[in-house]
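Peer 1: Take this structure, written in structure tokens, and hold onto it; I'll ask about it next.
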């Protein structure tokens, strides 16, 4: 363990090219997925917070249920869609970073939608419904509440990014874990550990823990930054 840790720290200190390439791909895939998931998930969450129609509660239940959907199930679904005989096989993106983005986007949309719906519902209940009373369309009011509750919205997005970058099952299924092409931090850790090449696995594990730690630090610092901005604008 000590030897592997020392070698791992050396890889990090020397900015090993393979290590940096894998980490960069992980960040690029997860950030892209979260940006797409933010647009779709927050839109869905805002709409669910104000929409009223037959089956509304069933749809809310479905979104909340999808929060616990295993990542390997998402990977299987995307694989079936993108495989050569699947309905989207003509896209030709299976075993590419694009397929990994699709899988992670599908994975984070329910999380972002469910949490965004709760943020908007609480904001409207706390006085935001006055916008609707003044004539604003319900969906417009919901979007404005998300903008107003930017601290909570950023927390939702950081939480989604944390889940995306730490995910392994879906990206391994649709990405194929191809060296130099689709190998990200989580899949490389699994592969290198099984091969017994522990220094690279440990180094990537430390980088991944560092990224997740930065995310949680960002969540913790958001209230402080938001308060400072409000005081500066006052």
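Peer 1: Hey, among 44, 67, 82, 111, which residue is in contact with a helix residue (DSSP H, G or I) (Cβ under 6 Å, 6 or more places away or on another chain) and exposed (fewer than 14 other Cβ atoms within 10 Å of the Cβ)?
Peer 2: Step by step, each of 44, 67, 82, 111 is checked, and only 67 is in contact with a helix residue (DSSP H, G or I) (Cβ under 6 Å, 6 or more places away or on another chain) and exposed (fewer than 14 other Cβ atoms within 10 Å of the Cβ).
Peer 1: Tell me yes or no: at least one residue of the range 92-104 is free of Cβ contacts under 8 Å to residues at least 60 places away in the same chain, over 19 Å from residue 187 (Cβ atoms) and surrounded by fewer than 21 Cβ atoms within 10 Å (Cβ to Cβ).
Peer 2: Yes, some residue in the range 92-104 is free of Cβ contacts under 8 Å to residues at least 60 places away in the same chain, over 19 Å from residue 187 (Cβ atoms) and surrounded by fewer than 21 Cβ atoms within 10 Å (Cβ to Cβ).
Peer 1: Would a scan of the range 111-120 turn up a residue that is touching a residue at least 24 places away in the same chain (Cβ under 8 Å) and over 23 Å from the mean Cα position of the chain (by Cα)?
Peer 2: no
Peer 1: Name the residues in the range 166-205 that are free of Cβ contacts under 8 Å to residues at least 40 places away in the same chain and not in a helix (DSSP H, G or I), would you?
Peer 2: 177, 179, 196, 197, listed by residue number.
Peer 1: Could you please find all residues in the range 10-30 being out of contact with any helix residue (DSSP H, G or I) (no Cβ under 6 Å at 6 or more places or on another chain) and either more than 16 Å from residue 177 (Cβ to Cβ) or surrounded by fewer than 19 Cβ atoms within 10 Å (Cβ to Cβ) (or both)?
Peer 2: 10, 13, 14, 15, 16, 17, 18, 20, 21, 24, 27, 28
Peer 1: For residue 50, work out the one condition from (1) in contact (Cβ under 8 Å) with a residue 12 or more places away in the chain; (2) surrounded by fewer than 18 Cβ atoms within 10 Å (Cβ to Cβ); (3) farther than 20 Å from residue 186 by Cα it doesn't fulfil.
Peer 2: Checking residue 50 against (1) in contact (Cβ under 8 Å) with a residue 12 or more places away in the chain; (2) surrounded by fewer than 18 Cβ atoms within 10 Å (Cβ to Cβ); (3) farther than 20 Å from residue 186 by Cα, the one that fails is (2).
Rundown of residues vs (1) at pLDDT below 85; (2) closer than 17 Å to residue 39 by Cα, yes/no style:
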residue: 123; (1), (2): no, no
residue: 127; (1), (2): yes, no
residue: 132; (1), (2): yes, no
residue: 141; (1), (2): yes, yes
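Peer 1: Next question, about the same structure. Go through the range 50-88 and give me each residue that's assigned to a helix (DSSP H, G or I) and at pLDDT below 90.
Peer 2: 50
The values are calculated or read from the model by the stated rules, or taken from the named source; none is laboratory data. All values derive from a computational prediction rather than experimental measurement. Glycine gets a Cβ as well: all are built from the backbone with ideal geometry, and neighbour counts include every protein chain shown.
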